[in-house]
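None of the figures in this text is laboratory data; all of them are computed from the coordinates on show. These numbers come from a predicted model, not from an experiment. Heads up, the Cβs are rebuilt from the backbone with ideal geometry, glycines too, and the neighbour counts pull from every protein chain shown.
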Amino acid sequence: MKNLMLTIMAFFLACCFVFLLFIATNQQALAKVHETISSFSVEGQNAEAKDKAKQKDKNSIKAAMKEEKNEAPYNATNYQPIAKLTTHDLKENEAGQANLPQFSKALDKAQKLVNHDNHKSNPYNDYGIDSTCQGVYYYIFTFKNEDKPNTYYRVTVNEDGQTNIFDKSYVVGDKPSPEHSVISPQESEVIAQKHAIDELGENAVLKKVKESKDGMFYTFHEYKTQRDYKVVVSKSGDVIQQPSLD
């Protein structure tokens, strides 16, 4: 048994010696082994470099997105509060959840749309952020209409960046004086209902009512045509039609 073990060990050592002798005398095989080891090392370094580059790109994108999100919206100097008065008071955290385009890009789109509409340079006025009944947010931008003095364009920009002019000649109403009588909620609803019927027909149904900065905001719906009509009735009885994005 002892002799058998010695014989096996001797055979194993002989095999190792032959392999080493083959490597030492065969330069081509040695070079190939070295090349294989080197290629593994280079591939590892390349993979590490690619991972670092990807991480750097991700960090750059995150930084750019954060910078865009932190961009502060603004109104023009000495602006008329049009969009501000006809949109709702969104809480700060609510507006922050709005998945809207970057403010400057949305404003630029709206500006180009109105300038193309009347082929003039229409100065920017103010903005507002509002949401539909389904919770879809949108910007409202207003611009002085240089083609019609004392009137304003009103433009929406939605979450997909789509722009739409929904009013080309909005007129700023005179604010009621302190002694001016303010209409009652019942009178306000009657005024809104009349305009809704004129727009949608006799089957217009009141869908939602909420308070606006300038009065009461009404949403009417016509179920046969699936159309909405939105309107703000101010405290003095002025009617301000709103965009219907639903």
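Cβ neighbours within 10 Å, averaged per peptide: list 72-83, 214-225 in order, most packed at the top. Spell out each step's value before the answer.
Working: 72-83: 14.5, 214-225: 18.7.
Result, highest mean Cβ count within 10 Å first: 214-225, 72-83.
Compute the signed sum of charges (Lys and Arg +1, Asp and Glu -1) over the other residues within less than 11 Å, Cβ to Cβ, of TYR153. Intermediate values should be presented prior to the final figure.
Values: positive: LYS120, LYS144, LYS148, ARG154, LYS168; negative: ASP117, GLU146, ASP147, ASP167.
Cβ neighbours under 11 Å give a net charge of +1.
Of LYS148/LYS235; LYS168/LYS210; LYS112/LYS210; LYS105/LYS207; LYS168/LYS235; LYS148/LYS194, which ones are farther than 31 Å apart at the Cα? Each step should come with its number before you reach the end.
Values: LYS148/LYS235 27 Å; LYS168/LYS210 25 Å; LYS112/LYS210 33 Å; LYS105/LYS207 33 Å; LYS168/LYS235 23 Å; LYS148/LYS194 28 Å.
Exceeds cut-off: LYS112/LYS210; LYS105/LYS207.
In the neighborhood of TYR170, defined by Cβ-to-Cβ distances under 12 Å, what is the net charge if each Lys or Arg adds +1 and each Asp or Glu adds -1?
Details: positive: LYS144, LYS148, ARG154, LYS168; negative: ASP126, ASP167, ASP238.
For residues surrounding TYR170, the net value is +1.
In whole percent, what relative contact order does the stretch 105-246 give with Cα contacts below 8 Å and a gap of six or more residues? Walk me through the numbers before you get to the answer.
Working: 254 pairs, mean separation 22.6, N = 142.
16 percent.
Would you mind putting 118-125, 183-190 in packing order, based on average other-beta-carbon counts within 10 Å, highest first? Before the final figure, lay out each step's value.
Numbers: 118-125: 15.0, 183-190: 13.5.
Going from most to least packed, we get 118-125, 183-190.
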